[in-house]
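The values are calculated or read from the model by the stated rules, or taken from the named source; none is laboratory data. Note that this is a predicted model, so its numbers are computed, not measured. Cβ sites come from the backbone with ideal geometry, for glycine too, and all protein chains shown count toward neighbours. With ligands, DNA and RNA removed, areas are computed over all heavy atoms of the protein, side chains included. Shrake-Rupley method; radii C 1.70, N 1.55, O 1.52, S 1.80 Å.
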Amino acid sequence: MTERKPMSLQRLLDMHASGDKIAMLTCYDAAFASLLDEAGVDVMLVGDSLGNVLQGQTSTVPVSLDEMVYHTRCVARGRKSAWIIGDLPFDSYQASPQEAWKSAAALFKAGAHMVKLEGGGWTAPVVRYLTERGIPVCAHLGLTPQTVTMLGGYKVQGREDAAAALMKRQAQELVEAGAQMLVLEMVPSALAAELTQTLGIPVIGIGAGVGCSGQVLVLHDMLDVTPGRRPRFVKNFMQGGAGSVQEAVRRYVGEVKAQTFPQDELHGY
Ligand code: KIV
């Protein structure tokens, strides 16, 4: 296989502008980082979902910054060209922009190229603080797992007119504050498509329809190794004849690029 050029923020912005779909997966260790990279994944998210899928926790809340730093370091060692996003865990950025800076810098030093944080409104000044000082930020709106208790459970967000208007306003504020990517989780497809067309930054969907700039899934979900019920937006890529994990990941990348995954009628809201 020919060597891929290292992914850059500019290239991700160009992919969004030209409509080339971005394939993102979560990743937590060096072995999978190497496999995902060779299978053509553009972006690896060291997600705090590792609390659920690696640690067996019932939520992402217990995950610590030290754990995120450790896993980011592991992924960075296995990576050749994919862009790495490190998730800021619960209680590492809420208290102040200064606290967020310390946490983001720790992930950055561990090898992340960008950090992700959840929520809108109060997060805009935090995003501004980090981006003005040189750390790229991916925002995350819709279903935000760290605050699922406040949201009343794992539910679609932005269905009602007022909620959709609030999400649009918060997304715009985050872009104005300097966010250069946005993850939308469990958001109606039409709203996600509208945000993708209007915001000017890559919008990565998870349960947000095919109209986004790209897609992300939790690795263990798409490989069907997560115990229990899967959310509607997950597709099992080991099904249908993938003879290996590598092949399943290649299929995921291929389907995201060809826009055959997700299918709104099967995986959307
Ligand atoms: O932690 C994670 O894996 C995430 C994705 C679900 C987007 O935030």
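Within the stretch 30-82, the set of residues being within 14 Å of the ligand (Cβ to nearest atom) and acidic (D, E) comprises D48, E67. Applying the criterion of being more than 20 Å from G51 (Cα to Cα) and surrounded by fewer than 18 Cβ atoms within 10 Å (Cβ to Cβ) to the residues of the stretch 83-96, the residue that is nearest to the ligand (Cβ to nearest atom) is A95. Among the conditions (1) more than 17 Å from the chain's Cα centre (by Cα); (2) touching a residue at least 60 places away in the same chain (Cβ under 8 Å), the only one that Y28 does not satisfy is (1). The condition (being surrounded by fewer than 24 Cβ atoms within 10 Å (Cβ to Cβ) and either under 16 Å from the mean Cα position of the chain (by Cα) or touching a residue at least 40 places away in the same chain (Cβ under 8 Å) (or both)) is satisfied by just one residue among D20, D66: D20.
Do the conditions hold for P188, that is, is it open to solvent by less than 60 Å² (accessible area, probe 1.4 Å), touching a residue at least 60 places away in the same chain (Cβ under 8 Å) and farther than 18 Å from M24 by Cα? So P188 fits the description; yes.
Restricted to helices (runs of 4 or more DSSP H) entirely inside the stretch 197-269, those with at least 1 residues that are open to solvent by 50 Å² or more (accessible area, probe 1.4 Å) are 245-258, 264-267.
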